Amino acid sequence: MPRTREDLERIERANLAPYAQLSADTRGRKFKEAPPEWRTEYQRDRDRVIHSRAFRRLEYKTQVFLNGSGDHFRTRLTHTMEVAGISRNISRALKLNEDLAETIALAHDLGHSPFGHKGETVLNRLMKGHGGFEHNRQSLRIVEVLEEKYPTFHGLNLTWEVREGLMKHYTAYDHPSKRKGFEAKSSSLEAQVANLADEITYYSHDLDDGLDSGLLSEKQLIRHVRLWRHATRTVENEYGKLPDECRRYFIIRCIIDLQVKDVVHTSEELITAAGVQSADDVRLQPRPLVRYSAKRRDLNLELRDFLYKNLYYNPVVNEPHIRARHILEELFNYYMKHHEKIGTLARRRARKDGWPRAICDYMAGMTDRYALMEHQRRFRLGNGAVPAGLEGLTP
């Protein structure tokens, strides 16, 4: 006999920790649907995220280096897949719901604008006085409103627990089903895992891209980053002298492994000490229970400061993003004057949400390359030239 959803729910109940979020205990969806036959509710959510248009567009959105800068640099999509993998690993070790953590990880960057965090900053400034822009909120808006794939509702109609997990700053979230006498302070452990897995992934893999680009060197890292020194010694002691590419790969792999082990052991201790016995007990905790140790947090802050100084603010990375900022500003102002130039769905939403929000939604959904092409269509000079300052950003 094939394994049914009920069978999968029984397996969860038998094997997961009492404080894990069980799919059978979901608070459900905004729009009632018949339950899936062969999948749990969270497995259905995962599939809906993967099949969304917003997920596919992540392939052409910036992680650190502008999309198209190199074949091996990470994009939002590859970063998202790496976060999902680490989320599953940590959840499995802590006996949490892997499907829920993976789904939150897969959806966490759906709302990212083109051109990375610089693009987010620009849209937030342009939307001042109109509700601002923040990519976590936009991810939630995409799955609740903007995706239009189903005949009876807007959005993807994901479960409450996935939507809860898309807001990193929980207190800023308008609780979808707040209950009388229950004032949540934290999100589920699965959401906390996805949040920390995001940090583990982008710092470790940004190191890899920085080395690949030549903007960072191992000598710099050995001199300034204790995490790198420790991992280098570990790899050398185990494998001896390795070729450059292989050595860098194993050092970064070692860093990720050390981070994951620290999170698992620290979180297990904190969960035990808190005495939580249910997913709602977790939500009542004043602080997240999925955390680094104090020592590991200090090491990570050192790595973060190094990356900001030597990679994120390096002119090779930063200047194209600054120029890209002008692209978004000019497009936004253009669309505010020419409403007919945005998509049909966006124009329809403007009747309810206003033109600034509809234009912001439209632009946030753009890939890097589409934003560049659209800017060229609207602003290329009559002789085929590109406006001053934007020459290096043509596709």
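All of the numbers you see were taken from the coordinates with simple rules; none came from a lab. Please read these numbers as outputs of a predicted model, since none were measured by experiment. Virtual Cβ from ideal backbone geometry, glycine too; neighbours counted across all protein chains shown.
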message = Restricting to Cα pairs below 8 Å that are 6+ residues apart, what does the relative contact order work out to for the chain? Please round to a whole percent.
response = 20 percent
note = Here, Q277 and E59, labelled 7 Å along Cα→Cβ, have an inter-label distance in nm of 5.0 nm
request  = Have a look at region 1-103 and give its Rg and Dmax from the Cα atoms, expressed in angstrom.
outcome  = 16.5, 51
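Give the relative contact order (percent, whole number) for region 230-317; include only Cα pairs under 8 Å separated by 6+ residues. Walk me through the numbers before you get to the answer.
Working: 35 pairs, mean separation 22.1, N = 88.
Dividing the mean separation by the residue count of region 230-317 yields 25 percent.
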Full-extension gain in nm, L345 to S217, via 0.36 nm per residue minus C-alpha separation = 41.4 nm
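Using just the alpha carbons, could you tell me how many Å³ per residue the convex hull of region 237-326 encloses? Numbers along the way, then the final one.
Numbers: hull volume 16.8 nm³, N = 90.
In region 237-326, the Cα convex hull volume per residue is 186 Å³.
Got the relative contact order for region 247-390 handy, in percent, Cα pairs under 8 Å and 6 or more residues apart? Walk me through the intermediate numbers first.
Numbers: 67 pairs, mean separation 22.6, N = 144.
That works out to 16 percent.
Mind giving me the FRET efficiency for R10 and R229? R0 is 56 Å, r the Cβ-Cβ distance, nearest 0.05 is fine. Mind showing how you got there, number by number?
Numbers: r = 48 Å, r/R0 = 0.86.
Once rounded, the FRET efficiency stands at 0.70.
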key: Option label - Cα Rg over 2.2 N^0.38 Å computed here, alternatives (1) 0.94; (2) 1.04; (3) 1.00   = (2)
inquiry  = Tell me which GluC sites (Glu not before Pro) from region 1-55 have a DSSP coil assignment and no more than 10 other beta carbons within 10 Å of their own.
reply    = E37
